[in-house]
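Structure first, then comments.
The values are calculated or read from the model by the stated rules, or taken from the named source; none is laboratory data. Only a predicted model underlies this, so the values are computations on that prediction, with no experimental measurement involved. So basically every Cβ, Gly included, is an ideal-geometry build from the backbone, and we count neighbours across all protein chains shown. For accessibility, only protein heavy atoms count, side chains too; no ligands or nucleic acids. Shrake-Rupley method; radii C 1.70, N 1.55, O 1.52, S 1.80 Å.
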Amino acid sequence: AGTGLSADGERLLIYRTSDDYKSGDIYESYYENGKWVKPQKLGSNVNRSGSVESSACYSEQGDIIFFSSDREGGYGGKDLYMARKLPSGKWGEPYNLGPNINTEYNEDAPFIHPLGNAIFFSSQGHENMGGYDIFKAEFDEAGKFSVPKNLGYPVNTVDDDIFFVLNPNGNKGYLSSARDGGNGGQDIYQVLF
């Protein structure tokens, strides 16, 4: 399961694979009275029947989630979407992040950095070195995204580089990569900027 922790450390998004290992959904848990409560599956605006929602993260304020989904109506493969929290506490109708972010290939693993309105994500499209590469795009208050920039080598390789996160100071990151020299499959790597 993948996770996305809120900036206040009191909410958690969790990806759970379904029993058939072919799909999965996003759940949310809260930290109350010194413990995490049982995760609840997010509603049908986020988790669509017949599609895979494989990763998610909160905005800095926690009122928006960004997530990946292979639902119909996207640009191809998995696309990145955002949904705002409604006054009722439910997540609203999702908005596709558009053609600057999404390609005909898979986009996944969004991460919003609290400094500078930046989204980091992995893509098999754009100007790619091979497999999934990690990209950065900036966005404004209106939700317009800049053209994504590949983080380049040594962050990215010809293998799958995915699930990038960056510390609040912006000087240390972590990612999952299948690069040569690891312990097999996807390994966790630290990056110093």
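Taking segment 153-168 as the range and being within 22 Å of Tyr58 (Cβ to Cβ) and either crowded, with 19+ Cβ neighbours inside 10 Å or at pLDDT 95 or above (or both) as the test, the residues that pass are Ile162, Phe163, Phe164, Leu166. Restricting the first member to segment 149-178 and to residues that are over 21 Å from Pro114 (Cα atoms), and the second to residues that are surrounded by fewer than 20 Cβ atoms within 10 Å (Cβ to Cβ) and hydroxyl-bearing (Ser, Thr, Tyr), the beta-carbon pairs closer than 6 Å and six or more apart or on different chains are Ser177/Tyr189.
Across segment 169-187, which residue is nearest to Phe111 (Cα to Cα) among those that are open to solvent by less than 60 Å² (accessible area, probe 1.4 Å) and not in a strand (DSSP E or B)? Within segment 169-187, the match that is nearest to Phe111 (Cα to Cα) is Gly170.
Sub-6 Å Cβ pairs linking a first residue in segment 66-87 that is on the phi > 0 side of the Ramachandran plot to a second residue that is open to solvent by 20 Å² or more (accessible area, probe 1.4 Å), at least 6 apart or interchain, are Gly76/Glu104; Gly77/Tyr105; Gly77/Asn106, ordered by first then second residue. The number of residues in segment 137-152 being open to solvent by less than 60 Å² (accessible area, probe 1.4 Å) and over 18 Å from the mean Cα position of the chain (by Cα) comes to 1. All conditions in (1) buried (at least 21 other Cβ atoms within 10 Å of the Cβ); (2) under 28 Å from Gly185 (Cα atoms); (3) of a type in the set (A, V, I, L, M, F, W, C) hold for Trp91, with the sole exception of (2). Listed by position, the strands (runs of 3 or more DSSP E) enclosed by segment 19-95 that each have at least 2 residues that are over 17 Å from the mean Cα position of the chain (by Cα) are 24-32.
How about segment 96-117: which of its residues are within 15 Å of Tyr132 (Cβ to Cβ) and not in a loop (DSSP other than H, G, I, E, B)? Spell out the reasoning first.
Of segment 96-117, the ones within 15 Å of Tyr132 (Cβ to Cβ) are 101-111.
Listed by number, the residues that qualify are Glu107, Asp108, Ala109, Pro110, Phe111.
In the set Ser44, Ser54, Ser69, only one residue is open to solvent by less than 40 Å² (accessible area, probe 1.4 Å), polar (S, T, N, Q) and at pLDDT 90 or above; that residue is Ser69.
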